[in-house]
Amino acid sequence: MKFFIETFGCQMNEHDSEKMAHLLRVNGHTQTDQIKESDIIIVNTCSVRQKAEQKFFSLMGRLKKIKDARGVIIGVTGCIAQQEKEVLKDRLPYIDFILGTSTIHKIKDAIEYGEKGSFFCDVTENGCSPSLFIKPWCIENRIKAYVTIMKGCNNFCSYCIVPYVRGREISRPSKDIIEEVKSLAQEGVKEITLLGQNVNSYNKGTDDISFPALLRALNKIDGIERIRFVTSHPKDLSDELIDCFGELNKLCEHIHLPFQSGSDKILKLMNRGYTISEYVEKVERLKKVCSKIAITADCIVGFPGEEEEDFKETLNLITHIEFDGIFSFAYSKRKYTKAALFLEEVSRDVALERLKYLQSVQKQITLKKNKAMEGRILEVLVEGKSKGSKDDLTGRTRHNRIVNFKGGDDMIGRLVDVKIIKGYANSLRGEWI
Ligand code: SF4
């Protein structure tokens, strides 16, 4: 049968979708990117932000029509499935299966139930579940791959749903990760991204090696040219990890370090566990060890209690650090979280106005930084044809900037040197040299 997967949310979810696709392919199904030709539709959901949840329910409305017209099997997986199975059963009685964040390894069983016309639901929470260990190998022409190193989170930031839907932190044994990366290198993968909600806590409280030691071990694997990781929590960013950016040749000069707010008052309410001066100190140390490091971050505006003064402090931080990019969002209340009980709400209009202003400030900074790249020769890992123009190739620099340039198909999958001729707000234009 042909299956189609729609994925909402973060890289963890994208990787979970890859894992399910792998299991289905192993069982003789084929993946399609055309919903109209699919027999099985899987929606891998995210509940971190309200917008993703709204998009999910609107998609399900459209899928109902497909189900009525031609009886496809429809399954819901991921965070909303984990958290809201009763709501889903009530609101979407036509779905065939529900799998939680720790049970995606049961996808084959779920489909078999669906084929027989029976409903399947398993949202059992199990930190050390087999889902964590699925290795989606042998994907054709893969240049980059995600590798899960841990799952869950112990931090309980007051706005965040993750600890409730992904459970507590569990790390994969380093031996298993190293084996997986060696296999990926043999398959021809050049770049790996290590995934975890808080990679800096990898193996905390265990006898296995630390995250910096894992990076050092992976750096020695032949064939792997680039190593990235997401996400780092500023409070757990150790000096030893910072030093890795100066020591390890394969570790890309880019870190995603969410600050969330520039105000100490708001950071406290968010339960983030650091102050802005501590954050700035860590960034300064990163820049000292690796002067060209690109720093990106996440930021929330309009958190309950955020006053104009707090927002100004966020803007001050942004202009002081000059981030390479920021994923910014207006706060949205998430059920079950502590912040959902906070009363000093910021009106939606004010939050959106602040967001718009912050994004305009950041856009100028990113543009300035991209323009500063003009004339430089940068190493690009060529990922494929550009979506914007069939004559162009697209790839990323070690700083994670997108570069488009003209070149032949034989360059796909290779590391090439590209001279940057133009910096735009979201990408760079280059010339292969
Ligand atoms: S560190 Fe905070 S924001 Fe990140 S996943 Fe954990 S609870 Fe959520």
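The values are calculated or read from the model by the stated rules, or taken from the named source; none is laboratory data. Please read these numbers as outputs of a predicted model, since none were measured by experiment. As a convention, Cβ positions derive from the backbone with ideal geometry for all residues, glycine included, and neighbour counts pool all protein chains shown.
Condition first: surrounded by fewer than 20 Cβ atoms within 10 Å (Cβ to Cβ) and free of Cβ contacts under 8 Å to residues at least 40 places away in the same chain. Can you find one or more residues in segment 316-323 that meet it?
There is no residue in segment 316-323 that is surrounded by fewer than 20 Cβ atoms within 10 Å (Cβ to Cβ) and free of Cβ contacts under 8 Å to residues at least 40 places away in the same chain.
State the number of residues belonging to segment 84-109 that are part of a helix (DSSP H, G or I) and more than 30 Å from GLU187 (Cα to Cα).
Of segment 84-109, the ones part of a helix (DSSP H, G or I) are 85-91, 104-109.
Now narrow it down to the ones that are more than 30 Å from GLU187 (Cα to Cα): 85-91.
So the answer is 7.
Restricting attention to segment 110-134, which residues are under 20 Å from SER174 (Cα atoms) and assigned to a loop (DSSP other than H, G, I, E, B)? Break it down stepwise before answering.
We begin by selecting, within segment 110-134, every residue under 20 Å from SER174 (Cα atoms); these are 126-134.
Passing the criteria: ASN126, GLY127, CYS128, SER129, ILE134.
Just give me the residues in segment 135-162 being assigned to a strand (DSSP E or B) and out of contact with any helix residue (DSSP H, G or I) (no Cβ under 9 Å at 6 or more places or on another chain), in sequence order.
Within segment 135-162, LYS144 is the sole residue that qualifies.
For ARG91, indicate whether it is modelled with pLDDT of 90 or more, away from the ligand (no atom under 16 Å from the Cβ) and either out of contact with any strand residue (DSSP E or B) (no Cβ under 7 Å at 6 or more places or on another chain) or closer than 19 Å to VAL26 by Cα (or both).
Details: modelled with pLDDT of 90 or more: yes; away from the ligand (no atom under 16 Å from the Cβ): yes; either out of contact with any strand residue (DSSP E or B) (no Cβ under 7 Å at 6 or more places or on another chain) or closer than 19 Å to VAL26 by Cα (or both): yes.
Here the answer is yes, as ARG91 does meet what is asked.
Would you please name the residue that is surrounded by the most Cβ atoms within 10 Å (Cβ to Cβ), looking only at residues in segment 224-247 that are of a type in the set (A, V, I, L, M, F, W, C) and touching a strand residue (DSSP E or B) at 6+ places or on another chain (Cβ under 7 Å)?
PHE229
I'd like the full set of residues that are among the charged types (D, E, K, R) and more than 11 Å from LEU23 (Cβ to Cβ), limited to segment 128-148. Give the derivation first.
Step one: list which residues in segment 128-148 are among the charged types (D, E, K, R), which gives 135, 140, 142, 144.
Within segment 128-148, GLU140, ARG142, LYS144 qualify.
Looking at (1) in a helix (DSSP H, G or I); (2) over 23 Å from the mean Cα position of the chain (by Cα); (3) under 24 Å from ARG401 (Cα atoms), which one does LYS175 not meet, given that it meets all the others?
With respect to (1) in a helix (DSSP H, G or I); (2) over 23 Å from the mean Cα position of the chain (by Cα); (3) under 24 Å from ARG401 (Cα atoms), LYS175 is out only on (3).
Being free of Cβ contacts under 8 Å to residues at least 60 places away in the same chain and of a type in the set (A, V, I, L, M) is the filter here; which residues of segment 14-44 pass it?
Narrowing segment 14-44 to residues free of Cβ contacts under 8 Å to residues at least 60 places away in the same chain: 17, 25-26, 28, 30-39, 41, 43-44.
Scanning segment 14-44 gives VAL26, ILE35, ILE41, VAL43.
Just checking, how many residues over segment 163-179 are touching a helix residue (DSSP H, G or I) at 6+ places or on another chain (Cβ under 9 Å) and either away from the ligand (no atom under 13 Å from the Cβ) or β-branched (Val, Ile, Thr) (or both)?
Residues meeting the conditions: 8.
Hey, does segment 228-249 have a residue that's more than 30 Å from VAL181 (Cβ to Cβ), within 16 Å of the ligand (Cβ to nearest atom) and within 24 Å of the chain's Cα centre (by Cα)? Break it down stepwise before answering.
Residues of segment 228-249 that are more than 30 Å from VAL181 (Cβ to Cβ), as a first pass: none.
No: zero hits.
For segment 155-171, what are the residues that are surrounded by fewer than 18 Cβ atoms within 10 Å (Cβ to Cβ) and either of a type in the set (Phe, Trp, Tyr) or touching a strand residue (DSSP E or B) at 6+ places or on another chain (Cβ under 6 Å) (or both)?
Across segment 155-171, the qualifying residues are PHE156, ILE170.
Take segment 116-154 and flag every residue that is surrounded by fewer than 19 Cβ atoms within 10 Å (Cβ to Cβ), within 15 Å of the ligand (Cβ to nearest atom) and over 20 Å from THR77 (Cβ atoms).
ASN154
Can you tell me which residues in segment 370-409 are more than 23 Å from GLU253 (Cβ to Cβ) and assigned to a helix (DSSP H, G or I)?
The one that is more than 23 Å from GLU253 (Cβ to Cβ) and assigned to a helix (DSSP H, G or I): ASP409.
Within segment 269-292, track down each residue that is within 15 Å of ASP243 (Cβ to Cβ) and within 16 Å of the ligand (Cβ to nearest atom).
Passing the criteria: only LYS282.
Taking the residues in segment 182-204 that are farther than 28 Å from VAL48 by Cβ and touching a Phe, Trp or Tyr at 6+ places or on another chain (Cβ under 9 Å) as candidates, determine which candidate is nearest to the ligand (Cβ to nearest atom).
Across segment 182-204, the extreme among qualifying residues is SER183.
Any idea how many residues of segment 100-118 are modelled with pLDDT of 95 or more and within 20 Å of the chain's Cα centre (by Cα)?
Residues meeting the conditions: 0.
Residue by residue through segment 303-339, note down the ones that are assigned to a strand (DSSP E or B) and closer than 25 Å to GLU253 by Cβ.
Passing the criteria: GLY325, ILE326, PHE327, SER328.
Condition (residue is under 18 Å from HIS256 (Cβ atoms), in a loop (DSSP other than H, G, I, E, B) and not aliphatic (A, V, I, L, M)) applied to segment 357-369: is it met by at least one residue?
As a first pass, look at segment 357-369 and keep what is under 18 Å from HIS256 (Cβ atoms): 358-359, 362, 365-366, 369.
Filter once more, so that each one left must be in a loop (DSSP other than H, G, I, E, B): none.
Among the residues of segment 357-369, not one is under 18 Å from HIS256 (Cβ atoms), in a loop (DSSP other than H, G, I, E, B) and not aliphatic (A, V, I, L, M), which makes the answer no.
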